[in-house]
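The values are calculated or read from the model by the stated rules, or taken from the named source; none is laboratory data. Computed from a predicted structure; not experimentally measured. Neighbour counts are summed over all protein chains in view; Cβ atoms, including those assigned to glycine, are modelled from backbone coordinates with ideal geometry.
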Amino acid sequence: MWGLVDQRAARTFDVAGQADARLVEVLRELIEAETDLSTGTRSRLIRRATKRLEQLHGEGVVPLPGRSAFYELVDRLAVGQHTFGSAVTRRQTANRPSGAFTATMAARPGEQVQIDSTPVDVMVLAADGVPVRADLTIAVDVATRTICAAVLRPVGTKAIDASLLLAKLLVPEPMRPGWVDALRMSASRLPHERLLTIDARMREAAARPVIVPEQVVIDHGKVFISETFSRACERLGISIQPARKDTPTDKAVVEATFSAIKTLFAQHVAGFKGANTQQRGRDVQPVWTLDQLQTCSTSG
């Protein structure tokens, strides 16, 4: 039966072609090493490969292809890795998880809460009147996509700030002066009368549900792997699930929330500096204090 099959459809090709296996091994090794280096050219890689082969096997021992064939071989081995393109794209590609991406699932509120911290692209006035940037730390419930709590601090979030975030998770958010009545818990779809029988603080609470987390997903930032944060989670009966290093897809929900905050909120706020703070918005003057930004971001 196999003799009746068109062999052209079943034919397989080696990406390295007829190149020597020792040359291919060295090229793959050097291409992988280019991930954390400054972007170079193919000629630099070819020169390094030639020197490496001479060190390992001696001069002239391993046959080398011609110039055009050598360039073509390098292109085939480096396909999809951006070896000679953008360094940022190259490193992001290398940090992708090896397995297929699976969306994070949670069946009930509090089953999994993702926590992360990022600088906000807005200049604010600190308590001493000095313009500073602020760090925003939030906790997002995966099942309901609710921002359970948020902490805004000057850049340099401490472990105690992350522990404070856990404390804010477990208590109602009080209404603040100037907030409209539409933001009250009593105006939401939550069973307000029933909640009042559980906790009297719900009477003056804002429309943010109190979600007690069973598990929190964190990255490897020193704030979240600190002993202070770990002890706070242990005391509250919350399990900790660290994400894999350099794998933001493990906490994609909170990452997407940060992106929405920057595009739907931060860029419309007075004092916005732009995403690239080194090149844009140098002369922006902050007009909000840290407390004002905290109030606006929470009510929003």
Residue in the range 274-287 that is surrounded by 14 or more Cβ atoms within 10 Å (Cβ to Cβ) and either at pLDDT 80 or above or within 20 Å of the chain's Cα centre (by Cα) (or both) present: yes
Boolean, A134 is in the same structural domain as F272 (by TED's automatic domain parsing), outside any loop (DSSP other than H, G, I, E, B) and modelled with pLDDT of 90 or more: no
Failed item in (1) assigned by TED's automatic domain parsing to the domain that holds A134; (2) modelled with pLDDT of 90 or more, with T157 passing the rest: (2)
The range 172-181, residues that are buried (at least 16 other Cβ atoms within 10 Å of the Cβ) and either among the hydrophobic types (A, V, I, L, M, F, W, C) or free of Cβ contacts under 8 Å to residues at least 12 places away in the same chain (or both): M175
Filter pass, G85 being under 30 Å from D246 (Cβ atoms) and not in a helix (DSSP H, G or I): yes
Condition met for A206 (of a type in the set (A, V, I, L, M) and within 30 Å of I225 (Cβ to Cβ)): no
Residue list for the range 161-177, restricted to those being within 18 Å of D219 (Cβ to Cβ) and in contact with a helix residue (DSSP H, G or I) (Cβ under 8 Å, 6 or more places away or on another chain): A162, S163, L166
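Each row is one residue, and each column tells you yes or no for (1) loosely packed, with under 15 Cβ neighbours inside 10 Å; (2) in the same structural domain as I160 (by TED's automatic domain parsing); (3) aromatic (F, W, Y); (4) closer than 21 Å to L136 by Cα.
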{"residue": "L183", "(1), (2), (3), (4)": "no, no, no, no"}
{"residue": "L190", "(1), (2), (3), (4)": "no, no, no, no"}
{"residue": "R203", "(1), (2), (3), (4)": "yes, no, no, no"}
{"residue": "D219", "(1), (2), (3), (4)": "no, yes, no, yes"}
{"residue": "F224", "(1), (2), (3), (4)": "no, yes, yes, yes"}
{"residue": "E234", "(1), (2), (3), (4)": "yes, yes, no, no"}
{"residue": "G237", "(1), (2), (3), (4)": "yes, yes, no, no"}
Looking only at the range 10-32, and only at residues there that are aliphatic (A, V, I, L, M) and surrounded by fewer than 12 Cβ atoms within 10 Å (Cβ to Cβ), the one that is farthest from Q81 (Cα to Cα): A10
Residues being buried (at least 17 other Cβ atoms within 10 Å of the Cβ) and within 20 Å of V130 (Cβ to Cβ) - total across the range 152-162: 4
For A207: the one exception among (1) touching a helix residue (DSSP H, G or I) at 6+ places or on another chain (Cβ under 6 Å); (2) at pLDDT 90 or above; (3) more than 22 Å from D135 (Cβ to Cβ): (2)
Where a residue in the range 158-171 is within 19 Å of P209 (Cβ to Cβ) and touching a residue at least 40 places away in the same chain (Cβ under 8 Å) and its partner, wherever it lies, is crowded, with 19+ Cβ neighbours inside 10 Å and of a type in the set (S, T, Y), with Cβ under 7 Å and at least six apart: L165/T137
Qualifying residue in the range 231-244 (condition: within 19 Å of D135 (Cβ to Cβ) and at pLDDT 90 or above): yes
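To keep it simple, each residue is scored yes or no on (1) in the same structural domain as V254 (by TED's automatic domain parsing); (2) within 30 Å of I240 (Cα to Cα); (3) hydrophobic (A, V, I, L, M, F, W, C).
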site: D20; (1), (2), (3): no, no, no
site: V26; (1), (2), (3): no, no, yes
site: T41; (1), (2), (3): no, no, no
site: R44; (1), (2), (3): no, no, no
site: T50; (1), (2), (3): no, no, no
site: G66; (1), (2), (3): no, no, no
site: L73; (1), (2), (3): no, no, yes
site: R108; (1), (2), (3): no, yes, no
Of the criteria (1) within 33 Å of the chain's Cα centre (by Cα); (2) touching a residue at least 60 places away in the same chain (Cβ under 8 Å), which one S188 fails: (2)
Cβ-Cβ under 8 Å pairs, at least 6 apart or on other chains, the range 35-48 side over 13 Å from H82 (Cβ atoms), far side surrounded by 14 or more Cβ atoms within 10 Å (Cβ to Cβ) and polar (S, T, N, Q): L45/T83
Residue in the range 124-143 that is surrounded by 18 or more Cβ atoms within 10 Å (Cβ to Cβ), hydroxyl-bearing (S, T, Y) and farther than 17 Å from F272 by Cα present: yes
